[in-house]
1. For the chain, set up a GNM with springs between Cα atoms under 10 Å and report which of 294, 364, 88 has the largest fluctuation.
2. Which residue fluctuates most in the GNM of the chain (Cα springs below 10 Å): 372, 95, 381?
3. Kirkwood hydrodynamic radius of the range 242-373 from all distinct Cα pairs, in Å?
4. Given contacts defined as C-alpha pairs under 8 Å and at least six residues apart, what's the relative contact order of the range 6-142, whole-number percent?
5. Can you tell me the 0 to 90 degree angle between the C-alpha axis of helix 316-328 and the longest principal axis of the chain, rounded to 10?
6. In nm, give the distance between the simple-model label positions of residue 299 and residue 238, each being 7 Å from the Cα along the Cα-to-Cβ direction.
7. So, R0 is 45 Å and r is the distance between the beta-carbons of residue 8 and residue 157; what FRET efficiency does that work out to, to 0.05?
8. With both bridge residues required to lie in the chain, what share of the DSSP beta bridges run antiparallel, to the nearest 5%?
Ligand SMILES: C[S@@+](CC[C@H](N)C(=O)[O-])C[C@H]1O[C@@H](n2cnc3c(N)ncnc32)[C@H](O)[C@@H]1O
């Protein structure tokens with residue numbers, strides 16, 4: 001097999017021109033949030049249009065198995081189901097699992113309407129059970145809101161149908177941020193001192209009803225195409241460990257990995273983790289995530305302040321980046337090195353589970369930290385080659401401006417606000433790295 005040298009890879013990427021057909025410039029909000037895609041906010045999700053095009057290009061036959069090892073809120077799994085493919089996703093974040101399972105389970109609209117009425121009856125006729133919350137709940141919510149949310153939560157738990165109950169819990173989880181002092185749109189846990197808190201029930205029902213409408217469209221689309229029972233499985237799983245899948249069994253992988261020192265997914269979902277974690281009867285393992293939050297947070301790839309891991313990154317480009325950073329900021333260099341090591345393990349597993357000749361599509365962006373270019377895409381190509389893949393296609397795509405692209409501080413590389421004069425666009429372009437498993 002022809003191995004592309006690090007110099008060649010870097011040259012290839014430096015001369016790539018963005019391909020217009022991959023910008024999806026004309027896809028409006030109604031298209032990017034179609035069907036169940038907008039059930040729950042989730043940071044750094046990709047738009048369904050990218051996934052759809054990749055499935056159409058690389059899984060043209062029906063009934064294939066598509067995998068996303070960084071499943072997030074389930075964009076890949078939802079699109080796979082809409083196109084009649086089985087899917088399997090992993091994510092370390094239990095909130096991702098909850099959202100994905102909800103988004104991939106179409107519920108008979110009549111059943112849902114009946115339960116909406118039942119829920120309201122439960123709510124009217126019952127007082128909230130006396131729950132003891134984690135003290136941190138008091139930091140985010142005022143007392144009347146907690147009482148009201150307790151009442152809504154108790155009513156939801158009376159819903160006996162598990163799919164419907166999860167649907168309501170997903171809406172509840174989404175609504176926690178609205179009802180708390182959390183600064184909306186902030187990508188870090190920040191208090192908004194001036195926030196006017198909504199009525200929790202009204203706000204919950206408002207979102208629930210939008211989900212009900214979306215479920216109806218999803219359900220009727222799947223029924224028309226006879227895809228209602230197409231399997232979509234989502235596991236809470238650390239993708240740096242062995243995937244629970246047989247070797248040579250997957251037809252296509254579509255994934256977008258986390259980035260180093262970017263989003264802290266555990267922090268961002270802490271309201272749901274705190275609320276559900278305190279309820280060990282219904283969310284047995286979630287208790288553990290909230291009690292041992294620091295340990296749990298460390299399992300997310302790209303999270304800062306980890307101890308240095310040992311091993312070969314399997315990428316000359318990656319090793320040079322880490323060495324350059326070592327001269328500037330050692331802890332950051334360690335984080336970036338750990339990130340590359342973790343990604344190497346995921347690529348090896350992706351290679352093991354794919355069928356020969358099948359494609360792995362990795363949607364990934366580059367960035368700059370402390371003035372050093374972090375060439376995630378180029379490093380991924382080198383690492384994937386070493387894992388046994390060969391180049392199939394490298395696509396550069398513009399991320400159109402209308403999508404909210406966060407800013408980064410030029411110096412620290414950390415996310416920053418609009419008003420910072422040293423801001424730079426974090427990701428103006430990204431790449432779709434398409435690699436093929438050698439036969
Ligand atoms: C860029 S997001 C993926 C978003 C997804 N494409 C979507 O549309 O929702 C990256 C995901 O990787 C997950 N992640 C981070 N570390 C992980 C690990 N060790 N194992 C599995 N998933 C992990 C994060 O929780 C996050 O959901």
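Every read-out reported here was derived from the displayed coordinates using simple, explicitly stated rules and does not represent laboratory data. Keep in mind the model is a prediction, meaning the values are calculated, not measured. Quick reminder, even Gly has a Cβ in these numbers, built from the backbone with ideal geometry, and neighbours come from all protein chains shown.
1. 294
2. With Cα springs under 10 Å in the chain, the top fluctuation among 372, 95, 381 is at 372.
3. Numbers: mean 1/r = 0.0593 Å⁻¹.
With all distinct Cα pairs of the range 242-373 included, I get 16.9 Å.
4. On the way: 104 pairs, mean separation 24.1, N = 137.
Value for the range 6-142: 18 percent.
5. Once rounded, the angle reads 70 degrees.
6. Roughly 0.7 nm, to one decimal.
7. Calculated value: 0.20.
8. 60
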